[in-house]
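Inspection log for the structure reproduced underneath, given as C-alpha cells.
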Amino acid sequence: MPDIGNLPELDKYLVFFEAGETVFLEGDTSQDMYFLVQGSFEIFKDDQKISVVSESGSLVGEMSFLLGEKRTATVKAGEPVKAIRIPVDTIADFMVDFPALAPQISKTLARRLQETTRVAHGLKEFCDHLPDALIMTDKDRKILAWNRAAERLHGRTWDQMEGHSLAEVYHDPEEYRQFVDDIHAGRSLTEKILTIKHPNEEARSISTSTTVLYDGHHNVNGFIFLARDVTRTKMLEQRYRRIRSWLVPLAALAVLLVVVISFSIASFSRGVRILDQRKASFRDRIIKDSRALAPVIAGLRVRGNSRAIDIVLRDYFATRNPDFFGITGLTVLDMDKKVINSFVPPGQGWQVETGHSYSGISFKGYGHSPYKLLSLFHAAADHPMGRKGVEIAYAMEWRAGGEGETGWLLFQLDMERLNNDFGVDEKILSKIKFDSAGRGG
C-alpha cells in the first residue's frame, strides 16, 4: 500500500483534529470514512473507551458506510490527528481516482464483515442454548431474532416468523401492545403474564419480561422479550382461588385442605413473589415522590409563593402518572394542619377546600417516623355518613423569617385500586414503612 500521507493529490481530502476533539458521535447520521495518516483515534461506546486505533492507514467509520445507518460508536482524537476524510457520496469516485488504495479499503471492509458475521453466528448459538424463549424486535416490534426455545414455545419456526409483527402470536394483541407501551412510559412492571395462540395446542399462559433498547440519544432502537410457559402454574393458581372460596362453607374439611395447600405452595410461590414486587413498587414510588416534592414545596412556602405550589401539584399529575399507583390527590397543610394548597384531578379522589382543617383527625405512625397514616370520612352524595378515605402524610419543615415551621404533604389513596392491582388493603398498608428504614420491610 502507498504512503497515503505523501500523495499530493489527496491533500483536498486531508482533515486535522486536536487531541480530545470529537470526530463523530454515536448516533450521528453521517456515514463518511476516515483513513488515519498520523496520530491515534479513540473509540467510545456509551461513554466507555473500548479501543485505540494508531496504525497509519487504518479505517474508522466504515460500519456506518457498510450498514447505511447511524454511527454505532463515538470517535475522538487521542492525540493530534492527520487523516483523510472520504465523504460517503464520493467513495465510488475515490476508488476510481486512487485505485492503489482500493485493495486496502476492500480488505478492511471485508474483514469487518467477516468479524460481524462471526459475532452474529456466535450470538445465535448462545441464544439457541438458553432455556427461555428469547425474541428480539426492531422499534416497530417486527421480529429480528427468534431462538430455538421460542420455536418450541410458540410452535412456529424462525423462517415462519422472520419480519412478522410479534403481536401476531398473542391471543389479545391489544393487551400486549398496551403492556409494552406502559413499560416504555414507565407505568408498569417489566413482567406480565399474557396468553399466546399455539397453532397445534390450546392457548398458553406465558410470563413475559421485556427490555427496551435505546441508542446513544435515548431513542428506542428495539425490544428484547424473554418468555417462559407458566400455563400449569396459572391453572394451579386458579384452582387455588376456587378452593379458597370453598373454605367457609366447608370448614369441616379444613384439616384436609391444609394438607392439600401445603403441597401446592411451591406452585404458588411465583405468584406471591410477583405480588410482593408490586407492593414494593408502590412503597418505593410513595417514598421517591415524597422526597422529590417535599423540599420543593417547603422552599416555595418559605417564599410565600402559593401559586407556584399549585403549579407543582398540577405538574406532578400531568407528568408522573401517579394514578397508576393509586395516588388520586395531593394536599399541603400548614403547622396548624389547615389546608393551604390542594389538587385533585377531575373524576379522582375527593376535593379538599383551602382552609379546611385536619386538626381533629388522628395522625397514626411509628414513633418519630417522617410519615403518618390518616383515616377519615369525607362528604359524598351517595353515602349519608360520608365515604371513607385513606391518606399518607409526610412531615415537612421550612424556615421563614428565622423561625422554623412545620407542615404536611398528604397523598390521597384509591384503596380499591391498590387492593386490586397491588394487593394492598388498609391492614397491609399499616404495616408498610414508607421511609428509608422500611425499604426491606
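The values are calculated or read from the model by the stated rules, or taken from the named source; none is laboratory data. Given the structure is predicted, the values throughout are model-derived calculations rather than measurements. Heads up, the Cβs are rebuilt from the backbone with ideal geometry, glycines too, and the neighbour counts pull from every protein chain shown. Calculation scope for accessible area: heavy atoms of the full protein, side chains included, ligands and nucleic acids excluded. Shrake-Rupley method; radii C 1.70, N 1.55, O 1.52, S 1.80 Å.
Cross-link partners of Lys82 among lysines, defined as those whose alpha carbon lies under 20 angstrom from its own and excluding same-chain residues fewer than eight positions apart: Lys12. For Met33, the residues whose amide H sits under 5 Å from its own are Ile86, Val88, ignoring neighbours fewer than 5 places away on the same chain, with H placed 1.01 Å from N.
Computed over neighbours whose Cβ is under 10 Å from that of Pro345, the net charge equals 0, Lys and Arg +1, Asp and Glu -1.
Using heavy atoms of the protein chains and a probe of 1.4 Å, the accessible area assigned to Asp229 is about 70 Å². Accessible surface calculations at 1.4 Å, restricted to protein heavy atoms, place the range 142-203 at 55 Å² per residue. Can you return the lysines within cross-link range of Lys388? Criterion is Cα-Cα under 27 Å, with same-chain partners fewer than 8 residues away left out. Reachable lysines: Lys279, Lys288, Lys337, Lys338, Lys364, Lys372, Lys427, Lys431, Lys433. 3J(HN,Hα) along the range 161-167, derived from phi through the Karplus expression 6.51 cos²θ - 1.76 cosθ + 1.60 where θ = phi - 60°, amounts to 9, 4, x, 7, 6, 5, 4 Hz, with x in place of Gly and Pro. Using the Cβ-Cβ distance between Gln160 and Ala318 with R0 = 35 Å, the FRET efficiency computed as 1/(1 + (r/R0)^6) comes to roughly 0.20.
Taking amide H atoms as placed 1.01 Å from N in the peptide plane, the amide H of Ala73 lies under 5 Å from those of Gly27, each 5 or more residues away in sequence or on another chain.
Quick one: length gained pulling His171 to Lys279 fully straight, 0.36 nm per residue minus the C-alpha distance?
36.1 nm
Remark: the range 91-99, residue by residue, has Karplus-estimated 3J(HN,Hα) of 4, 4, 5, 4, 5, 6, 5, 10, x Hz, where x stands for each Gly or Pro and the curve is 6.51 cos²θ - 1.76 cosθ + 1.60 at θ = phi - 60°. Using a probe of 1.4 Å on the protein chains alone, the accessible area found for Lys139 is around 130 Å². Solvent exposure of Glu69, expressed as accessible area, is near 110 Å², computed with a probe of 1.4 Å over the protein chains only. Using the Cβ-Cβ distance between Glu69 and Leu236 with R0 set to 60 Å, the FRET efficiency from 1/(1 + (r/R0)^6) comes to roughly 0.80. Amide H contacts of Tyr170 (H built 1.01 Å from N, in plane; Pro and chain starts excluded): Lys197 sit under 5 Å, all sequence-distant by 5 or more or on other chains.
Residue by residue, the range 135-147 carries 3J(HN,Hα) couplings of 10, 10, 10, 7, 5, 8, 6, 8, 6, 10, 9, 7, 7 Hz when phi is fed to the Karplus relation 6.51 cos²θ - 1.76 cosθ + 1.60 (θ = phi - 60°); x denotes Gly or Pro.
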